[in-house]
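Read the figures in this text as sums done on the coordinates, not as results from a lab. Being a predicted model, the structure only gives us computed values, none of them experimental. Virtual Cβ from ideal backbone geometry, glycine too; neighbours counted across all protein chains shown.
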Amino acid sequence: TSLQRRNVPMLYNSSTLRVMGIRLEASSSGPDFDDEGVPELLANREHTIRLFGDNFTPNMTISFTTDSGSYNDHCDMIAVRGFHIEKDTYLSTTVVVKIRLPPLVAGQNAFYLCVKEHNASLLYIHQGSESWLQIKTYEKPVPVWAAICIIFICLSFSALFSGLNLGLMSMGKTDLKILCNTGTARERRYAQAIQPVRATGNYLLCSILLGNVFVNSIFTILLDDLTSGLIAVIFSTIAIVMFGEITPQAVCSRHGLAVGANTIWITKFVMVLTFPLSYPIAKFLDCILGEEIGNVYTRERLKELVKKKCTGMNVYPAHTFLNGLNGLKRDVKRPKMIRAPDDPQRQNLTDIERIGKLIREDRRLSIRGLAEITVIDKECVRQILHESFNMVPKLLTLEQKESRMNICADIQNNIDTDPGLLDTVTLKRTRFESVEAVKAKATEGLNQLTEADFQHCFQQSKSRMERCRGEYIEGEKVATIIGNE
């Protein structure tokens, strides 16, 4: 200290040049200040300061020392090389200087300002130890290489959480149960691994979202420390959107089951880690929103779903299932099951081929008879006849129904007045071995009728045909045959 305070005119300039204050003009990172107002700057980064004082010269140079002292002492231990002032900002009372300071080591409190003129033989003059003439530095707690590694890890977890949010939450509890019972061996294994976690519902959702926000925040903070604010905002936005949202969601929308099952332990760890915050939020959502409701299909939606899924099937065409759905009533709790016949040879034929073969063998088979033989729902049979064979049993109009009721009433009155009338009528389902047998039976019946009965039946049949012609016959082919006959 005696050497510091000794007056050596040959070694330094004893002019009245003096710095009275320091102001931070610009910094590569946000500056901090301690309790005494001393600026704390990031070490090894460029910062711009402005000096205020008296008798500044255009060629003056400044430096810093870690040893405290009084004004006009010379600086023995210079911590950094000298910094020249920005000459375009020079005034006799203020100048601007760009500095870059190293980090403080243990036992060092601050950097103190030292100044000298342009003469290289002169020593730096200490400007004092007042707090407004001090600068402190600090280092980042995380090294650059470690920050880069953490950034990539955070981006990877951001992608994982974003994909799991779509992949896991899009699969309902019912879907997983169906996969556990009917899926392939791999799908069953994946579904069984995911099912316990997916059953938690809102707890899983809150854990994934909290984890995603957490890693995205760390990613942005570390990136801001490595770059400037604008670059950090632009790069973090592009990285999170492209690699943290779009790409993982596109993958998990197709392979969400496999990704969720293979990362299930990460998901469980995140759920445990975020438990203090995510679990209360999940319980609150359960109380407000109630129990989670899976996919609900109305009859129309279910028909459309079956139609899309069954398009292109060979064994059971789509209309086979759709017409079964058309026959469902809203109060039916147990749907009808469509099962294949027990005959192994007929199992190789489609429903259309089987029904077509039966119709060619016996055209008098009714829809009910076809349904009983093929073990197919009546509505399915009706739809096959309509779409494949143009045989559509059309519904009767109100006028036709009323006419039929009148005809039935007349027949009932005739039976009441003539009890032997039924003996003279040929049953509808009587089978004949040949055409001659039909003619013989028809002749016998006609011979038994009286002239009055014949005239009455003829008038009734004529009236009925005039009302109902073309309205209820099952197909164009059948109508053509009747017309030809």
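Numbers below:
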item	result
Peptide ranges 62-73, 146-157 listed from the most packed, as the mean C-beta count within 10 angstrom indicates	62-73, 146-157
FRET efficiency, Glu451 to Leu365 (Cβ-Cβ, R0 60 Å, nearest 0.05)	0.95
Mean separation of Cα contacts under 8 Å, 6 or more apart, over the residue count of the range 101-142: relative contact order %	46 percent
Quotient of Cα Rg and 2.2 N^0.38 Å for the range 158-268, N being how many residues it contains	1.23
Distance (nanometres) between label positions extended 7 Å along Cα→Cβ at Tyr90 and Asn262	6.7 nm
Gain on full stretching of the segment that runs from Leu285 to Ile221 - 0.36 nm per residue minus C-alpha separation	20.0 nm
Overall dimensions of the range 205-289 as given by Cα atoms, namely Rg and Dmax in Å	15.6, 45
Highest to lowest packing among 163-175, 350-362, scored as the average C-beta count within 10 Å	163-175, 350-362
Under-5 Å amide H pairs with Leu41, H placed in peptide plane, nonlocal only	Lys136, Thr137, Tyr138
Dmax and Rg, reported as Rg then Dmax, of the range 187-232 (C-alpha, Å)	17.1, 50
For the range 158-295, with +1 on Lys and Arg beta carbons and -1 on Asp and Glu, the positive-most of Thr267, Ile281, Leu179 along the dipole	Leu179
Rotationally averaged projected area of the range 11-142 (alpha carbon convex hull; nm²)	7.7 nm²
Subset of Lys439/Lys462; Lys303/Lys401; Lys98/Lys140; Lys401/Lys441 violating a 25 Å alpha-carbon distance limit	Lys303/Lys401; Lys401/Lys441
Förster radius 56 Å - calculated FRET efficiency between Ser68 and Phe269 (Cβ-Cβ, nearest 0.05)	0.60
Label-zone membership for the range 199-236, site Leu277, 7 angstrom Cα→C-beta point, backbone N under 17 Å	203-222
Most positive-pole-ward Cα, Leu166, Tyr90, Gln134, against dipole of the range 17-168 from beta carbon charges	Leu166
Sites Ala409 and Ser170, calculated FRET efficiency, Cβ-Cβ separation with R0 56 Å, nearest 0.05	0.35
In range of the label at Met20: residues from the range 102-131 whose backbone nitrogen is under 19 Å from the point 7 Å along Cα→Cβ	113-116, 126-131
Dipole magnitude of the range 213-303, debye to nearest 20 (Cβ charges: Lys/Arg +1, Asp/Glu -1, about Cα centre)	440 debye
For the range 80-194, the spread of Cα positions along each principal axis, largest first, Å	90, 36, 25
